[in-house]
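Here is the structure we will look at.
The numbers here are math on the coordinates, done by the rules we state, and not lab data. Source: prediction; values computed, not measured. Virtual Cβ from ideal backbone geometry, glycine too; neighbours counted across all protein chains shown.
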Amino acid sequence: MKISTSGPSLNASQITELNSSTAPAVRDEIRAALKPEHTALVLDLSATKFVDSSGLGAIIALQKTMAPKGGTLRILNPTPTVMQILELTRLHRVLDIVRST
Amino acid sequence: MNPAPPNHAAPAVEYPALLRVVVQPSLAEAREASRKMRDFLAQQGLSEDELQTWELAGAEALNNAVNYVPAGRAHLPVLLEVIAGTGGVEVRVTDHTAGFDMPGKAELPPDDSEHGRGLFLIQTLTDSAEYLRGGESNVLILRRASPSLARRPPHTVAALEATLAPLTEDLAASYESLSAIFQFTSELCHTDEPLHLVGKWMQELARITSADWHSFHTLDASREWLSRVVSSNDEAPAIIPLDKALPGLAVHAIVGRQDISFNAATKLAPEDPLASLARSSSGIVHPVFIGGEVLGIVAFGRHVEADPFTSGQINVIHTFADFLGSQVRMTQVQREAVASRVFHRELEIAANIQQSLLPRKIVQPPGVFITGEAQNAKHVGGDFYDVIHVSNNCVMMVIADVMGKGVAAALFASILRSQIRARMDLAERPGDMLTWLNRTLFADLERVEMFITTQIVFLDVSRRTGRVSSAGHCPLLLASAGGEVMEFQADGPPLGIVERQHYLEQTFILRAGARALMFTDGVIDARNLKGASFGLPALREWFASRASAAMSGPETKRDLLRTLDGFRRGCPASDDLTFLLTCDMNLALTRSSNATQNPPRR
């Protein structure tokens, strides 16, 4: 995973999997990188090939981390596999999903 | 990845493929197991969408089995079983948790919940999800129909029989091959000519594999060509050159160290030695290697209208040909061992003959000390020396080197010695003796293309004179007490070269303290590890220094041997080393000469 800052946004990318054995560590690493000035968190899931319910839990947890300070979580370019599970669990309705070309 | 259609009946599973994975209870191991399941199902032909579905459903099932196991059972592994049949896929996960009640329909948790989506995913992704609770373990059974598996040809009994038929054929052929090998081994133990069996058993192999023709070639000792051992067909070449510039089936097989298959469509080079055999055929050329070394090739073919060899028949050819090759190699090794034993026995005989030719006790004329040395190199040759009593004050000294090694050379040395002793009336005239020996032995030597270098010295200590004649032998060295060395060169070619050769002789006069050295080329050709030879100049120098130092006869002999050993420095002798040393103990040797064509060189 790669974490970078772009202005008020913290960007996490190159996440290959969000499964039960990796998702807690990803969640904690991103939380540790978040600074008070970060008002947006971008999860770039363009390289993510597998997400299970634990991975979904980690995404929800990060959203809940941003919410109290008025920040946002944005899911960027999820792969079709990830998009399918987001839709299956109806989380696509509550997550800010952005697809760019 | 799509949810299963509702109300879909659980599929029956027929002729399933099974994956069974024992999963250590950790989340990382659980994830790895779900990857294995995906790979297994991919091998069964499931679509990418189906694979994603099962990977997720399996991961969720395994996560639950790991996450909820109580501490006291955390050491117990989870069992994952995946069954794929025409009806679909069934996955069973056996856990050691306390178990739970499977809801009829799991609901999604609130959107902000971080947990509680696993069962929903499992039920949504599969056609049926049953959870069977037991005392020690529980089993979650997931089923889902698979369109991909349904499209796959059914595993009917007929289809299975069709699959089994070639396997059965291969097994039968393998059995025949094994049986033939046992029979071959048995016959091999009862024959003195195992190579004769090779042809018979190549025919047997051709019968087992239904081949129309076959050939077996082995690598020649020169390693430059293959020689035909057996062939079913006269068109098989007697030899196949191993010339990479002329590539063909055999060269390709040996250089590439692999089978070369051919059929009617194969373009064979016109110069390929196997072209005439392989044309209009299908078959293989199999290189036979024993211990990494190429032994040869076997080639089997069928007429083009017949079916090509099956993989089972190819395997039989491999097995039997390699076995046959090992037997041929073993036979070669045995023959080489016998030949080696015969060779060494011959060397022993030759060494015995050579030793028997040497005088047990050297005749010592008054005032003169004569000593000799004969050392055999690895291969016994035909060196010998002799000192023959002529009268109270006269001896005849002979040194000879028969060209060649072994018993033949030793026998000619023996004949030469006998002939000399038979004509002691010629002892005082060494030139006449050599002339007579040459005429007597010429026919025999010419017949076997051998020759003998010989040097004869007649020494008369009462008259203080000596006469020397040499047939192509190394020069006689004569050193004065002051260290002046003279060479008496050969008076003609070796015995056996020119039939009517007349050998002259040279005369010298004895002076006090002088010494003479007769020797074979093993002395001056002694080599060191750098390949340099001792040489005549060094021998002359050594001889001069020892003569001027008045070194005693026995010490001079020992010193020469030490000098040569020191020069060789461990390099083994490549030729016999023989010399005859004569030391005058109170008289001087001075040289005078009669008319001679080869005056001595200073």
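Not counting the cut sites, what is the longest span of chain B without GluC sites (Glu not before Pro) that DSSP labels loop and that have at most 16 other Cβ atoms within 10 Å?
Values: sites that count: B:Glu14, B:Glu107, B:Glu136, B:Glu224, B:Glu235, B:Glu271, B:Glu305, B:Glu428, B:Glu449, B:Glu484, B:Glu499.
Here the longest segment lacking exposed loop sites spans B:306-427.
Could you list the trypsin sites (Lys or Arg not before Pro) in region B:460-527 that lie in coil according to DSSP, counting only those with at most 14 other Cβ atoms within 10 Å of their Cβ?
On the way: sites: B:Arg463, B:Arg464, B:Arg467, B:Arg500, B:Arg511, B:Arg515, B:Arg527; in loops: B:Arg463, B:Arg464, B:Arg500.
Within region B:460-527, the qualifying trypsin sites (Lys or Arg not before Pro) (loop, at most 14 other Cβ atoms within 10 Å) are B:Arg463, B:Arg500.
What list of ³J(HN,Hα) couplings, whole Hz, do you get for region B:86-95 from phi and the Karplus terms 6.51, -1.76, 1.60, once you set θ to phi - 60° and write x for glycine and proline?
With the stated coefficients, region B:86-95 comes to 5, x, x, 10, 10, 10, 10, 10, 9, 10 Hz.
Using DSSP, restrict attention to beta bridges with both residues in the protein assembly as shown and report what percent are antiparallel, rounded to the nearest 5.
Details: 115 of 130 bridges.
Among the beta bridges of the protein assembly as shown, antiparallel pairing accounts for roughly 90 percent.
Specify the inter-centroid distance of region B:465-543 and region B:195-226, based on alpha-carbon positions, in whole Å.
58 Å
Pick out, from B:Val89, B:Gln501, B:His303, the residue whose Cα sits farthest towards the positive end of the charge dipole of the protein assembly as shown, with +1 on the Cβ of Lys and Arg and -1 on the Cβ of Asp and Glu.
B:Gln501
From the phi angles alone, apply the Karplus equation (6.51, -1.76, 1.60; θ = phi - 60°) to region B:362-368 and give each ³J(HN,Hα) in whole Hz, x where the residue is Gly or Pro.
7, 5, 10, x, x, x, 10
Region B:228-305: which trypsin sites (Lys or Arg not before Pro) are DSSP loop and have at most 15 other beta-carbon atoms within 10 angstrom? All intermediate terms of the calculation are to be shown ahead of the outcome.
On the way: sites: B:Arg228, B:Lys244, B:Arg257, B:Lys267, B:Arg279, B:Arg302; in loops: B:Lys244, B:Arg257, B:Lys267, B:Arg279.
In loop regions of region B:228-305 (DSSP not H, G, I, E or B), the sparsely surrounded trypsin sites (Lys or Arg not before Pro) are B:Lys244, B:Arg257, B:Lys267, B:Arg279.
Counting other beta carbons within 10 Å of each Cβ, put B:Val82, B:Val342 in order, fewest first.
Values: B:Val82 25, B:Val342 10.
Lowest count first: B:Val342, B:Val82.
Of the trypsin sites (Lys or Arg not before Pro) in region A:62-100, which ones lie in a loop per DSSP and count no more than 15 other C-beta atoms within 10 Å?
Working: sites: A:Lys64, A:Lys69, A:Arg74, A:Arg90, A:Arg93, A:Arg99; in loops: A:Arg90, A:Arg99.
Of the trypsin sites (Lys or Arg not before Pro), the ones in loops of region A:62-100 whose Cβ has at most 15 other Cβ atoms within 10 Å are A:Arg90, A:Arg99.
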